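The values are calculated or read from the model by the stated rules, or taken from the named source; none is laboratory data. None of the values given here were measured: they were computed from a predicted structure. Every residue, glycine among them, receives a Cβ derived from its backbone with ideal geometry; neighbour counts consider all protein chains shown. Each accessible area value is taken on the protein alone, full model and side chains, heavy atoms only, with ligands, DNA and RNA left out. Shrake-Rupley method; radii C 1.70, N 1.55, O 1.52, S 1.80 Å.
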Amino acid sequence: MKLVFAGTPEVAVPALDALIASERHEVVAVVTRPDAPAGRGRRLVASPVAQRAEEAGIEVLKPAKPREEDFLARLREIAPDCCPVVAYGALLPRVALDVPVHGWVNLHFSLLPAWRGAAPVQHAVMAGDEMTGASTFQIEEGLDSGPVYGVITEHVRPTDTSGDLLTRLAFAGSGLLAATMDGIGDGSLKPVPQPAEGVTLAPKITVEDARVEWSAPALRVDRVVRGCTPAPGAWTVFRGERLKLIHLGLLPERTELVPGALAVGKNNVYVGTGSHDAELLWVQPQGKKPMRAADWARGVRIAPGERLGQER
């Protein structure tokens, strides 16, 4: 088939690579979000998908909105058979969905109908799911509600951050998307409607969602930290400033501290939660680089009675 691939972030690159490598299909163009400011200089930088496509000599389309007439005219001119999508980042209007013969097919990082929305992997980790996966489905105007072509499963490991899990799913899912294109191309694969039961939603995680509540059980605190790593980053407050939380250890045998209270040992920093104590392993103070929590504690000289989560 003649394909136009739509995607933007790094997580979409493995799928693009898999389709470029396919001997059965040709990626003739890529659709991605416009260049965005990045780094300290805030200069405009092309998306990872755009950079990979340019390296491969593939035409790159960067509409501000996919309903722009210039973009739609070029899409009609290309006349793709199918448009595979991975984390494109913009809603596709009906007028665009109708252009390719076989429509737009999304690789979504959950076992649909679970975790429909922008942040399926983060929500799976934060909810304590033991199993997740990826699905390919036909995009329609509803939110991730179209019929499913195929799925793969992936265990959620006890120490997985959302970044760890998403990386594994990106590479495993690239094979699923390529196989889905093969099945659509030769007519051997037909999509199956999603069940009406089991629908859960995964809206974008906000910065406020990522704030740790120390009165919650330690297991919940750990899931929030892992689910929000690397983005948007779990955090708390210390002396009126944000402190990013990167890595915790659970200590079910230790219950000495009230929620948010700190205890500093020679090489350890403990914090109380609503159930049992946790150990702070890695943190990132505001305006500084990530560091071991023990080094941070030595630097700030925590006074008796100081707690995490307290506003000044």
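Is there a residue in segment 139-149 that is over 16 Å from ALA6 (Cβ atoms), small (Gly, Ala, Ser) and crowded, with 18+ Cβ neighbours inside 10 Å? For segment 139-149, residues over 16 Å from ALA6 (Cβ atoms), small (Gly, Ala, Ser) and crowded, with 18+ Cβ neighbours inside 10 Å: absent.
Only one of the numbered conditions (1) assigned to a helix (DSSP H, G or I); (2) in contact with a helix residue (DSSP H, G or I) (Cβ under 6 Å, 6 or more places away or on another chain) is not met by LEU189, and that is (1). Within segment 116-127, residues that are on the phi > 0 side of the Ramachandran plot sit with their Cβ atoms under 9 Å from residues that are open to solvent by 10 Å² or more (accessible area, probe 1.4 Å), at 6+ positions apart or across chains, in these pairs: GLY117/HIS123; GLY117/LEU143; GLY117/ASP144; GLY117/THR200; GLY117/LEU201; GLY117/PRO203; GLY117/LYS204. Step by step: first the residues of segment 233-245, then only those that are open to solvent by less than 50 Å² (accessible area, probe 1.4 Å) and of a type outside the set (Gly, Ala, Ser), then the one that is nearest to ASN268 (Cα to Cα). Which residue is that? Going through the qualifying residues, I end up with LEU245.
In segment 126-134 there is at least one residue matching the filter, namely being surrounded by fewer than 19 Cβ atoms within 10 Å (Cβ to Cβ) and of a type outside the set (A, V, I, L, M). Of all residue pairs spaced 6 or more apart or on separate chains, those with beta-carbon atoms under 7 Å, a first member in segment 60-83 that is under 20 Å from LEU19 (Cβ atoms) and a second member that is surrounded by 15 or more Cβ atoms within 10 Å (Cβ to Cβ) and among the polar types (S, T, N, Q) are VAL60/THR32; LYS62/THR32. Among the residues making up segment 131-177, those that are more than 17 Å from the chain's Cα centre (by Cα) and aromatic (Phe, Trp, Tyr) are PHE137, TYR149. Got a number for residues in segment 66-84 being open to solvent by 10 Å² or more (accessible area, probe 1.4 Å) and among the aliphatic types (A, V, I, L, M)? Number satisfying all stated conditions: 3. Candidates LEU111, LEU107, LEU75: the one that is assigned to a strand (DSSP E or B) and at pLDDT 95 or above is LEU107. The set of residues in segment 130-167 being closer than 28 Å to LYS190 by Cβ and charged (D, E, K, R) consists of GLU140, GLU141, ASP144, GLU154. Scanning segment 255-269 turns up at least one residue that is crowded, with 18+ Cβ neighbours inside 10 Å, touching a Phe, Trp or Tyr at 6+ places or on another chain (Cβ under 8 Å) and on the phi > 0 side of the Ramachandran plot.
Confirm whether PHE5 is in a strand (DSSP E or B) and either open to solvent by less than 50 Å² (accessible area, probe 1.4 Å) or of a type in the set (A, V, I, L, M, F, W, C) (or both). In short, yes. Looking across segment 161-172, the residues that are crowded, with 21+ Cβ neighbours inside 10 Å and not hydroxyl-bearing (Ser, Thr, Tyr) come down to LEU165, LEU166, LEU169, ALA170. Among the candidates GLY249, GLY287, the residue that is touching a strand residue (DSSP E or B) at 6+ places or on another chain (Cβ under 8 Å), surrounded by fewer than 17 Cβ atoms within 10 Å (Cβ to Cβ) and not acidic (Asp, Glu) is uniquely GLY249.
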